[in-house]
Amino acid sequence: METLFFSIVAAIAILMSILVIRCKNPINSALSLIMTFFCLATLYVMLEAPFMAAIQVIVYAGAIMVLIVFVIMLLNIRTESGRRTQHALFLGAATGLFLLFQTWYFLSRSSLTGAKGAIDSAAIAKVGHTELIGQSLFTEFLLPFEITSILLLAAIVGAVVLAKKKV
Amino acid sequence: MEIMGLPLIYYGAMILKVLLAFVFVLLTVAYATYAERKIIGHMQVRVGPNRVGPMGLLQPIADGIKLFFKEEIIPSEASKFAFLLAPLVALIPAFISFAVIPFGDVIEIAGYKIPLQIAAFADNAGTVFDLNIGVLYILAMASLGVYGIVLAGWSSNSKYSLLGGLRSSAQMISYELAAGLAIVCVFMVSQSLSLHAIVADQAGLFGWYLFRNPFTFLAGIIFFICSLAEINRTPFDLPEAETELVSGFCTEYSSMKYAMFFMAEYANMVTVCAVTTTLFLGGWQGPLPSVLNFIAKVYFLMFVCMWIRATYPRYRYDQLMKLGWKVFLPSTLFLIVGNAIWITLFK
């Protein structure tokens with residue numbers, strides 16, 4: 001049952017991500033991308049990570065994609081202009097093949113040890129997924145967390161400075 | 001009898017709960033349109049609809065039939081897929097938020113304990129397990145509602161629609177932020193994201209998060225106002241300001257598609273009132289049987305929405321943005337800090 005559900009969701013995710021690059025109309029591409037994010041959120045739920053799923057929908061599908069759609073609307077791009085050149089196709093195919101080779105190379109060289117971390121299904125059921133993330137974020141990974149927030153602050157200040165004409 | 005390790009009554013109860021919640025929201029939506037016209041009518045010393053049926057009670061049905069039989073027009077230059085998709089995208093998030101809202105206490109049927117909340121089940125001891133990120137789920141669904149309006153505005157290929165859609169998305173993004181930060185005050189008190197736990201923690205009038213401390217009180221009011229802005233209710237209904245934008249994002253829509261936007265607006269109103277009830281007004285806690293408490297509180301808040309509509313004029317666009325970014329956002333940040341200090345001092 002679970003495998004079947006996974007296959008359906010994964011198939012939709014792959015189909016949608018193909019549509020993202022195949023659609024002529026940028027809005028339809030954006031819609032497909034939203035659907036892809038949704039499928040990813042579903043996969044997170046299946047992996048007992050509801051918090052990640054909610055954040056995926058709120059941040060990616062809800063905030064970032066709204067901004068992208070917003071920009072497409074403001075520029076009022078109807079369909080993709082400019083033709084696809086043979087060079088781009090060739091370069092894209094070469095990059096794709098190289099990435100595929102790289103993945104295969106590293107996967108075939110490393111071996112799976114089967115070692116498990118401290119957090120398993122029992123711990124998630126006992127403490128709760130959100131609580132576990134909170135705990136590790138505010139104890140073990142406090143420094144990266146704070147550095148990220150300072151980076152975001154700098155980005156906000158930068159955006160304000162850029163947007164403001166007279167400082 | 002069991003299916004996949006769960007008793008059959010579990011599935012039956014689940015389907016029944018979904019149907020009940022759906023029918024409740026649909027009926028409320030239908031009669032909210034009637035109540036709104038009637039209440040605003042009386043506030044402006046008019047009578048309101050009174051021709052169809054006794055006291056005009058069949059008016060929503062008449063409206064529904066009228067809209068259903070109207071001609072469906074799709075603009076020839078519209079981008080068809082998005083145009084057809086938009087009303088659905090607007091309507092569905094409004095309804096599925098109800099999946100996590102607890103509308104009643106745990107009841108017992110034939111020895112099985114059933115919590116009156118769709119995405120939840122209880123074991124035989126009566127402990128309720130629900131989605132432990134219920135509040136985030138509601139925020140996620142609220143953030144998806146904007147797509148319906150944006151798509152409608154863009155796909156209609158009309159200036160009024162586009163401007164309405166742009167305005168609305170800017171407004172929703174701005175106010176979502178302040179509403180989300182106001183909810184943080186609730187998390188700090190409840191120490192849980194599960195809506196069942198949040199309601200269970202609010203027993204008694206002074207247990208309500210609205211009256212817990214001065215900061216949550218202000219947070220509750222700010223949350224309600226921001227929610228009004230997020231669902232484009234008066235005084236924040238700029239996306240469809242008819243004097244400037246004809247009818248905003250739904251200018252080009254007709255017949256049932258227009259009706260779906262209309263229903264989405266009212267369903268959003270029900271959802272927002274239900275969420276406010278759950279987070280700040282103690283959910284189903286109260287003197288009456290649990291479901292009735294919930295319904296009474298939701299209907300009271302909906303009355304307040306209509307009252308506001310009858311009382312206040314519309315905001316100007318720059319005032320709206322100023323209010324969102326310069327008043328509500330800083331004040332919710334201040335409330336979070338204040339709330340933290342209060343909780344630490346008066347544990």
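The values are calculated or read from the model by the stated rules, or taken from the named source; none is laboratory data. Since this is a predicted model, take the numbers as computed values, not measurements. Every residue, glycine as well, gets a Cβ built from its backbone with ideal geometry; the counts of neighbours run over all protein chains shown. Ligands, DNA and RNA are excluded from the accessible area calculation, which covers all protein heavy atoms including side chains. Shrake-Rupley method; radii C 1.70, N 1.55, O 1.52, S 1.80 Å.
Brief remarks on what is shown
- Here B:LYS66 is the anchor, and the lysines within straight C-alpha reach of less than 18 Å, apart from those fewer than 8 places off in the same chain, are B:LYS257.
- Ranked from largest to smallest solvent-accessible area, with a 1.4 Å probe on the protein heavy atoms, B:TRP154, B:TRP307 come out as B:TRP307, B:TRP154.
- Gaussian network model of chain B, springs between alpha carbon atoms under 10 Å - residue of B:VAL304, B:VAL45, B:VAL150 with greatest fluctuation: B:VAL45
- Estimated at the nearest 10 Å², the accessible area of A:SER108 is 70 Å² with a 1.4 Å probe.
- Peptides B:286-296, A:136-146, B:72-82, ordered by how many other C-beta atoms sit within 10 Å of their residues on average, highest first, read B:286-296, B:72-82, A:136-146.
- The contact between chain A and chain B removes approximately 2200 Å² from the accessible area (both sides summed; 1.4 Å probe; ligands, DNA and RNA excluded).
- Relative to one another, the C-alpha centroids of the stretch B:127-156 and the stretch A:5-63 are positioned 14 Å apart.
- Residues B:LYS70, B:LYS159 ordered from highest to lowest accessible area at a 1.4 Å probe: B:LYS159, B:LYS70.
- Student exercise, the stretch B:211-347 dipole from Lys, Arg, Asp, Glu Cβ charges, in Debye to nearest 20: 560
- In chain B, inverting the average of 1/r over every pair of distinct C-alpha atoms gives 21.3 Å as the Kirkwood radius.
- Gyration tensor verdict on the stretch A:122-167 (Cα atoms; rounded if a/c is under 1.5, prolate if a/b is larger than b/c, oblate otherwise): prolate
- Surface calculation, 1.4 Å probe, protein heavy atoms: B:TYR137 sits at approximately 50 Å² accessible.
- With all protein chains modelled, accessible area of B:ASP105 [1.4 Å, Å²]: 60
- For the stretch B:2-345, the relative contact order works out to 22 percent when only alpha carbon pairs closer than 8 Å and six or more residues apart are counted.
- When the helices of chain B are scored as -39500 (n - 2.57) per DSSP H run of n ≥ 4 and the total is divided over every residue, the value at 222 nm lands at -21000 deg cm²/dmol.
- Residue pairs exceeding 30 angstrom between C-alpha atoms, taken from B:LYS70/B:LYS159; B:LYS326/B:LYS347; A:LYS126/B:LYS17: B:LYS326/B:LYS347.
- Shape category assigned to chain A from the gyration tensor of Cα positions, a/c cut at 1.5: oblate
- Cα gyration tensor shape for the protein assembly as shown, rounded if a/c is under 1.5, else prolate or oblate: rounded
- For a straight C-alpha distance cut-off of 18 angstrom, the lysines reachable from A:LYS24 (same-chain residues fewer than eight places away being disregarded) are B:LYS80.
- Structure-based [θ]222 nm, chain A - -39500 (n - 2.57) summed over DSSP H runs of at least 4, per residue, nearest 500: -24000 deg cm²/dmol
- Here is what passes the span test in chain B: the DSSP H helices with alpha carbon length of 18 Å or more along the helix axis and a Kyte-Doolittle mean of 0.5 or above are B:8-43, B:80-96, B:134-155, B:159-190, B:214-230, B:255-280, B:290-311, B:329-345.
- Of the residues A:MET16, A:MET52, A:MET73, ranked by 1.4 Å probe accessible area with the largest first, the sequence reads A:MET52, A:MET16, A:MET73.
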